[in-house]
Amino acid sequence: MPPEIQTFLLAMTPIGELRLSIPVALTVYHLDWYLAYLISIVGNLIPVVFLLLFLAKISGWLSKKFKVFQQFFSWFSARARKKYEAKIGKYGRFALAVFVAIPLPFSGGWTGSLLAFLFGIPFKMAFPLITLGIMIAGLIVLVAIQAGITIEKYFGWEVLLGLLLAIGFGWVMYNIIKNKKHEKI
């Protein structure tokens with residue numbers, strides 16, 4: 001299978017999305033950065049379209065046919081609303097784009113589509129917001145991977161690994177300090 005098709009399919013996966021397809025396209029398949037970016041964006045958007053169009057119908061049908069699905073969707077909806085309602089209220093529907101733009105696990109187009117469904121954001125508004133978020137996330141991933149490739153090329157994998165460990169340690173320390181400040185308040 002051609003690497004372009006494999007990149008496209010990786011971008012469609014629910015957990016990997018373009019956070020997986022761009023690094024694989026650049027490091028394994030050695031695609032040009034602009035091709036990897038474009039294919040990953042389009043591949044990531046395909047499931048979003050179907051989720052936005054059909055998730056309400058599928059969940060409604062499953063809830064009517066099977067009580068366990070009705071209970072699950074009620075539980076999941078309440079949990080998601082509790083977790084994200086403050087952010088949606090604070091930032092409005094634009095929070096959907098910001099949420100999708102953060103290239104972390106469970107914050108991509110699939111989850112953004114699910115949140116749009118849960119908060120009743122219509123397709124005409126949700127799709128452009130999710131698209132914007134996916135494009136921003138793609139740029140973040142692209143820049144990070146290109147920087148890593150460049151550092152590894154000129155300084156070696158040892159320096160790249162040391163830099164990643166230092167960034168990870170800094171992030172952990174930042175969160176520990178931030179949590180301690182919140183505990184004192």
Could you please tell me which pairs satisfy a Cβ distance under 8 Å, a separation of 6+ or placement on different chains, a first residue in the stretch 44-62 that is closer than 30 Å to LEU139 by Cβ and touching a residue at least 60 places away in the same chain (Cβ under 8 Å), and a second residue that is charged (D, E, K, R) and assigned to a helix (DSSP H, G or I)? ASN44/GLU17
Can you find a residue that is within 25 Å of LEU20 (Cα to Cα) and of a type in the set (Val, Ile, Thr) anywhere in the stretch 124-131? yes
In this structure, does GLN6 turn out to be at pLDDT below 95, of a type outside the set (A, V, I, L, M, F, W, C) and surrounded by 13 or more Cβ atoms within 10 Å (Cβ to Cβ)? no
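A quick yes/no check of all residues on (1) in contact with a strand residue (DSSP E or B) (Cβ under 9 Å, 6 or more places away or on another chain); (2) more than 24 Å from PRO14 (Cβ to Cβ); (3) modelled with pLDDT of 90 or more; (4) among the basic types (Lys, Arg):
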site: LEU114; (1), (2), (3), (4): no, no, no, no
site: LEU129; (1), (2), (3), (4): no, no, yes, no
site: MET135; (1), (2), (3), (4): no, no, yes, no
site: ILE140; (1), (2), (3), (4): no, no, yes, no
site: ILE145; (1), (2), (3), (4): no, no, yes, no
site: THR150; (1), (2), (3), (4): no, yes, yes, no
site: MET173; (1), (2), (3), (4): no, yes, yes, no
Looking only at the stretch 25-44, count how many residues are surrounded by fewer than 20 Cβ atoms within 10 Å (Cβ to Cβ) and either among the small types (Gly, Ala, Ser) or in a helix (DSSP H, G or I) (or both). 6
Run ASP32 past the list (1) at pLDDT 95 or above; (2) farther than 18 Å from GLY133 by Cα; (3) in contact with a helix residue (DSSP H, G or I) (Cβ under 6 Å, 6 or more places away or on another chain) and report the number of the one that doesn't hold. (3)
If you scan the stretch 8-38, which residues turn out to be without any contact (Cβ under 8 Å) to a residue 60 or more places away in the chain and over 17 Å from TRP110 (Cα atoms)? VAL24, ALA25, VAL28, TYR29, HIS30, LEU31, ASP32, TYR34, LEU35, LEU38
Residues of the stretch 89-130 satisfying the condition of being in a loop (DSSP other than H, G, I, E, B) and under 12 Å from LEU45 (Cα atoms): GLY108
Test for PHE50: is it at pLDDT below 90 and either more than 16 Å from the chain's Cα centre (by Cα) or not in a helix (DSSP H, G or I) (or both): no
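The values are calculated or read from the model by the stated rules, or taken from the named source; none is laboratory data. Everything numeric here is computed off the predicted structure, so don't read it as measured data. Every residue, glycine as well, gets a Cβ built from its backbone with ideal geometry; the counts of neighbours run over all protein chains shown.
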